[in-house]
Amino acid sequence: MTLMTPKELARKSVDYRKKILKYIYSAKAGHTGGSLSCVDILNVLYNDVMQVSPENFASPDRDRYIQSKGHSVEALYVVLADQGFFPESDLETLCQYQSHYIGHPTKKVNGIEQNTGSLGHGLALSVGTALAAKLDKRDYRVFTLLGDGELPEGSNWEAALLAAQYKLDNLCAIIDHNKLQITGPTCDVCNTDPIDAKFEAFGWEVKHVDGHDFAQLKETFQSLPFQGEKPSLVIAHTIKGRGISFMENQLKWHHGVPSPEQYEQAQEELNVLSEAL
Amino acid sequence: MGETIANPHVSEKPNLEVFSSTLQNLAHDDRQIVVVTSDSRGSGKLVPFGQKYPEQIIEVGIAEQNLVGVAAGLASTGKKVFAVSPACFLTARSLEQIKADVAYSDNPVNVIGISAGVSYGALGSTHHSLHDFAALRAINNILVVAPADNFETEQAIRAAAAFPHPVYLRFGKKPMPLLSEEETSFEFGKGRVIQEGDDLTFVATGETVWPALQAARKLEREQGLRATVISMHTIKPLDENLLARVAAKGAPMVTVEEHSVYGGLGEACASFLMQNGLALPFKIMAIPDEYTVTGSQGDIFRHYGLTEEGIAETALQLCK
């Protein structure tokens, strides 16, 4: 893998955001806000961190990515298309009758490891996958992306306990901490703060990162595992709807679809950003 | 198939013990066999397995959702996983993990419900699984299997280890006599005919096949009625060919199961027969939809007539 500079990653993310909006706009469906908050993380993982590609996807030694917050699948789709897992034109069928490109990840789409969508499942799946690497003495790593809104699911905490019990330092969980869920601010719905202290108490090593800062994301993932014999947690501070002025931190964009005028404005804002880079 | 006399003194072990010994035999030759338990290795008779193959047993603690999610992750890498927990918790508390992580994602976990049905008897309804057939029948891509005797148990475990898709198997705690001394084949989805007769048909599953077979013998002895007795170890997919063949005789049919009267073997058979125009006198024997009577498994079976006498009496009424 050729490592990318933060600036190259930033350019990619602008492109990814344009595509996320394009396909959501075209499908008239999708989780816009969450896809825009997590896409920079996916960008760094797939372009700079993980050893996974269409060529090695059948290999037992590939790194795994399991998206627990399955609803932000549009971000994953555009990144996988860019990696060559499938032609980007497939995304024109997003959420259409008989398309495999539905509103949550399924293994019918090349590059996707697990069917997800129900929240609180990704961490346990990842623990099992990481455990298998330990049993088989393989070097692959397992990455999973959780939303902050899904943290009250008790299954997360069952899995967090076990990850520490089995010293899974090949496991990295990332929380897309955009601080908003469909009902309102996560701290007002069922407050899970302090997330770091909770996971630390469960036996994890935790780092905070600006989830839109490519240099920080690179550096953070390069330092994995944060401590030997411990699972790693990255709390990525993000902005829901990141990159589009009128979507940022606005609850209604959780699964909002832009109007034609809003779509034009959003693409224009991304064009300006692209030129500035 | 000729008449066979089952000897209750032959191989009378709890199916759970056969499950455990079969797994040990498999694990000896196959490092990919992995058992996942939720503080359930004792009740699952898996302590010897853990001692012999410590690298092939994963303990998750009392956390059934995690048990199934972790099992699915392990299975996704090619492990042959047996996720073991009391059936009551496994198929209720972790139902969504079975649905999403195992069945929907097609991770070939063998979901093993131990101490199933009312095996826990006097521990009460929290510990009974009278819903598991119904719950899992409605989920795509998981076989639902309840072996009746030690032979079926060993065969089912071997078949499950080799099966590339999810399987649910449930076992009880009671020592089970062999249904037949004949060497018969075992295949998921193919009912096992214990004996053949033209006067009535018993279709039973799991630990109720034995009393159904005893009832058939009683009716033959006392009434001169000869029954077909089927161990329908696979509830899903149902052996429709076998059902159609025996239903063509037009004889009354009694289904027997250690499950709620709703959604289990009986309703599966009724649905098939009705939708295929196979009308015959028909009765489902199961646990009724009520606050289950308290007592041991034997007490509960007696209370609801799931005994040699009770089954024979119900069948006789249907024949009149």
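The values are calculated or read from the model by the stated rules, or taken from the named source; none is laboratory data. This structure is a prediction, so every number in the text was calculated from the model and none was measured. Because the Cβ atoms are built from the backbone with ideal geometry, glycine has one as well, and the counts that use them run over all protein chains shown.
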- Task: Select from the range B:268-300 the residues that are free of Cβ contacts under 8 Å to residues at least 24 places away in the same chain and closer than 21 Å to B:Thr201 by Cβ and list them in ascending order.
- Result: B:Ala270, B:Ser271, B:Met274, B:Gln275, B:Gly277, B:Ala279
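Listed residues B:Thr184, B:Thr234; which is at pLDDT 95 or above, β-branched (Val, Ile, Thr) and not assigned by TED's automatic domain parsing to the domain that holds B:Ala156? If you could, list the steps in order and put the result at the bottom.
Details: B:Thr184 fails: at pLDDT 95 or above.
On inspection, the qualifying residue turns out to be B:Thr234.
Quick one: in the range B:21-44, which of the residues that are surrounded by fewer than 23 Cβ atoms within 10 Å (Cβ to Cβ) and in contact with a Ser or Thr (Cβ under 8 Å, 6 or more places away or on another chain) is nearest to the other protein chains (Cβ to nearest Cβ)?
First, the residues of the range B:21-44 that are surrounded by fewer than 23 Cβ atoms within 10 Å (Cβ to Cβ): B:21-22, B:24-33, B:39, B:41-43.
Adding the requirement that they be in contact with a Ser or Thr (Cβ under 8 Å, 6 or more places away or on another chain) leaves B:22, B:43.
On the way: B:Thr22: 21, B:Ser43: 20 Å.
Filtering the range B:21-44 for residues that are surrounded by fewer than 23 Cβ atoms within 10 Å (Cβ to Cβ) and in contact with a Ser or Thr (Cβ under 8 Å, 6 or more places away or on another chain), the one nearest to the other protein chains (Cβ to nearest Cβ) comes out as B:Ser43.
With respect to B:Glu96, determine if the residue is at the interface with chain A (Cβ under 10 Å from one of its Cβ atoms), modelled with pLDDT of 95 or more and in contact with a helix residue (DSSP H, G or I) (Cβ under 6 Å, 6 or more places away or on another chain).
Working: at the interface with chain A (Cβ under 10 Å from one of its Cβ atoms): yes; modelled with pLDDT of 95 or more: yes; in contact with a helix residue (DSSP H, G or I) (Cβ under 6 Å, 6 or more places away or on another chain): no.
It is false that B:Glu96 is at the interface with chain A (Cβ under 10 Å from one of its Cβ atoms), modelled with pLDDT of 95 or more and in contact with a helix residue (DSSP H, G or I) (Cβ under 6 Å, 6 or more places away or on another chain).
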- Quick one: which residue in B:Ile58, B:Ile62 is out of contact with any helix residue (DSSP H, G or I) (no Cβ under 6 Å at 6 or more places or on another chain), of a type in the set (Val, Ile, Thr) and either more than 10 Å from every other protein chain (Cβ to nearest Cβ) or buried (at least 18 other Cβ atoms within 10 Å of the Cβ) (or both)? B:Ile58
- Task: Please indicate, with yes or no, whether at least one residue in the range A:54-74 is at pLDDT 95 or above, at positive phi and surrounded by fewer than 14 Cβ atoms within 10 Å (Cβ to Cβ).
- Result: no
- Message: Just to be sure before I move on: is A:Glu268 more than 21 Å from the chain's Cα centre (by Cα), modelled with pLDDT of 95 or more and of a type in the set (D, E, K, R) in the structure I sent?
- Response: yes
- Task: Looking for whichever is touching a His at 6+ places or on another chain (Cβ under 8 Å) and surrounded by 19 or more Cβ atoms within 10 Å (Cβ to Cβ) here; the options are A:His177, A:His208, A:His212. Which one fits?
- Result: A:His177
- Task: List every residue pair whose Cβ atoms sit under 7 Å apart, with the two residues 6 or more apart in sequence or on different chains, where the first one lies in the range B:209-225 and is over 19 Å from B:Leu306 (Cβ atoms) and the second, anywhere, is modelled with pLDDT under 95 and not in a helix (DSSP H, G or I).
- Result: none
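Considering only helices (runs of 4 or more DSSP H) fully contained in the range A:105-207, which possess at least 2 residues that are within 14 Å of chain B (Cβ to nearest Cβ)?
Numbers: elements: A:122-136, A:154-165, A:186-190, A:195-201.
By residue number, A:122-136, A:154-165.
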- Selection count where residues are among the hydroxyl-bearing types (Ser, Thr, Tyr), closer than 19 Å to A:Trp253 by Cβ and surrounded by fewer than 20 Cβ atoms within 10 Å (Cβ to Cβ), scope the range A:180-205: 1
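So, of the residues in the range A:219-238 that are surrounded by fewer than 20 Cβ atoms within 10 Å (Cβ to Cβ) and under 18 Å from the mean Cα position of the chain (by Cα), which turns out to be nearest to A:Pro6 (Cα to Cα)?
Within the range A:219-238, the first condition is being surrounded by fewer than 20 Cβ atoms within 10 Å (Cβ to Cβ), and the residues that meet it are A:219, A:222-230, A:237.
Then drop every residue that is not under 18 Å from the mean Cα position of the chain (by Cα), which leaves A:219, A:222, A:224, A:237.
Numbers: A:Glu219: 10, A:Gln222: 13, A:Leu224: 18, A:His237: 17 Å.
Result: A:Glu219.
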- Message: assigned to a helix (DSSP H, G or I) and assigned by TED's automatic domain parsing to the domain that holds B:Gly121: which single residue out of B:Ala83, B:Ala103, B:Ala92 fits that description?
- Response: B:Ala103
- Do we find a residue being within 8 Å of chain A (Cβ to nearest Cβ), part of a strand (DSSP E or B) and not polar (S, T, N, Q) anywhere in the range B:66-75? no
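Quick test for you: out of A:Gly256, A:Gly241, pick the one residue that is at pLDDT below 95 and farther than 21 Å from A:Ser126 by Cβ. Show your work before the answer.
On the way: A:Gly241 fails: at pLDDT below 95.
Answer to the check: A:Gly256.
Within the range B:112-162, restricting attention to residues that are in a helix (DSSP H, G or I) and of a type in the set (Asp, Glu), which residue is surrounded by the fewest Cβ atoms within 10 Å (Cβ to Cβ)?
Quick first cut of the range B:112-162, residues in a helix (DSSP H, G or I) only: B:121-123, B:125-127, B:132-137, B:150-162.
From the residues that got through so far, the ones that are of a type in the set (Asp, Glu) too are B:132, B:152, B:154.
Details: B:Asp132: 29, B:Glu152: 26, B:Glu154: 19.
By that ranking, first place goes to B:Glu154.
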- Message: Looking at B:Val84, B:Val109, B:Val102, B:Val70, can you tell me which residue is more than 23 Å from the chain's Cα centre (by Cα) and surrounded by 22 or more Cβ atoms within 10 Å (Cβ to Cβ)?
- Response: B:Val70
